[in-house]
Amino acid sequence: MAQGDLFVISAPSGTGKTTLCEMLLKEVPDIDFSVSHTTRPPRKNEVDGRDYHFVSRMKFDEMVSRGEFLEWATVHGNCYGTSSREVFSCLEAGRDVLLDIDVQGARQVRERFPGAVLVFILPPSMAALEERLRARGTEDAERLRIRLENAGLEVRSAPDYDYVVINDELPRALEDLKAIIRARRLRAQRVLSKWKI
Ligand code: ADP
Ligand code: 5GP
């Protein structure tokens, strides 16, 4: 069976990446979301095993030392990582995989997996980003400040990505993401690997 494709999505915190990924997963068949491990405490509506695998710092460090992560990074003061086993078992079964990871993680994935498709999502402006992050109401003033400070650094990595989508209107941004996945699935190599006379 042909191997699936790996889609990496990054964006500054508050851009709407989680919202878009959730919509994408509902509308696009045959794509699995890779649930990351994190040392960040869960938010109110988050469910362990669905949004993240919430783990202690000790457990996270053990996983790092056992080489269990395809990539990992410290983001806004917490550790986040992608389990290699989870990703490769899906890809080998011919399914596509969606990673919602930061720019440091995307860089590591590109090195280890050059065929990955990297998509950067931008807010319409930095002012809109700040407004969305404040309206989400999940961060206290200090954590909000850190996220906004990091946002300015993260957007500088956008030119390293294959595609850039601007999340102004959600339905349009979703269509852009779907178009990227659709085009990737229509590559000659992928279509012909499944086509039989
Ligand atoms: P991220 O995962 O990038 O941190 P979220 O998906 O949590 O961002 O979105 C941040 C906030 O912005 C949420 O409250 C979400 O409902 C809102 N949001 C997302 N996309 C848009 C959009 N296109 N226009 C206005 N608000 C949006
Ligand atoms: P949040 O705390 O808002 O859920 O996520 C903060 C940042 O961590 C986001 O940029 C998100 O993409 C990133 N992130 C989530 N999971 C991973 C992961 O497994 N690896 C890396 N490198 N970043 C991640």
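Pairing residues of the range 86-113 that are among the β-branched types (Val, Ile, Thr) with residues that are near ligand 2 (Cβ under 10 Å from one of its atoms) and not in a helix (DSSP H, G or I), at Cβ distances under 6 Å and at least 6 apart in sequence or on separate chains, gives Val87/Ser34; Val87/Leu70; Val97/Ser34; Val103/Ser10; Val109/Val8; Val109/Glu71. Scanning the range 1-54 for residues that are of a type in the set (Phe, Trp, Tyr) and under 30 Å from Leu192 (Cβ atoms), we see that the one that is surrounded by the fewest Cβ atoms within 10 Å (Cβ to Cβ) is Phe33.
For the range 5-24, the set of residues classified as under 13 Å from the mean Cα position of the chain (by Cα) and away from ligand 1 (no atom under 13 Å from the Cβ) consists of Leu6, Phe7, Val8, listed by residue number. Residues of the range 114-154 that are within 12 Å of ligand 1 (Cβ to nearest atom) and either in a loop (DSSP other than H, G, I, E, B) or touching a Phe, Trp or Tyr at 6+ places or on another chain (Cβ under 8 Å) (or both): Phe120, Pro123, Pro124, Ser125, Gly137, Thr138, Glu139.
Hey, does the range 150-157 have a residue that's loosely packed, with under 13 Cβ neighbours inside 10 Å, of a type outside the set (A, V, I, L, M, F, W, C) and under 20 Å from Arg107 (Cα atoms)? Yes, the range 150-157 contains a residue that is loosely packed, with under 13 Cβ neighbours inside 10 Å, of a type outside the set (A, V, I, L, M, F, W, C) and under 20 Å from Arg107 (Cα atoms). Take His76 and decide whether it is in contact with a helix residue (DSSP H, G or I) (Cβ under 7 Å, 6 or more places away or on another chain) and at pLDDT below 95. So His76 fits the description; yes.
Consider Glu71 carefully, then state whether it is loosely packed, with under 15 Cβ neighbours inside 10 Å and at pLDDT 95 or above.
Values: loosely packed, with under 15 Cβ neighbours inside 10 Å: no; at pLDDT 95 or above: yes.
So Glu71 fails the test.
The values are calculated or read from the model by the stated rules, or taken from the named source; none is laboratory data. Remember, predicted model here, so these are calculated numbers, not experimental data. When we count neighbours, we look across all protein chains shown, and the Cβ atoms used for this are built from the backbone with ideal geometry, even at glycine.
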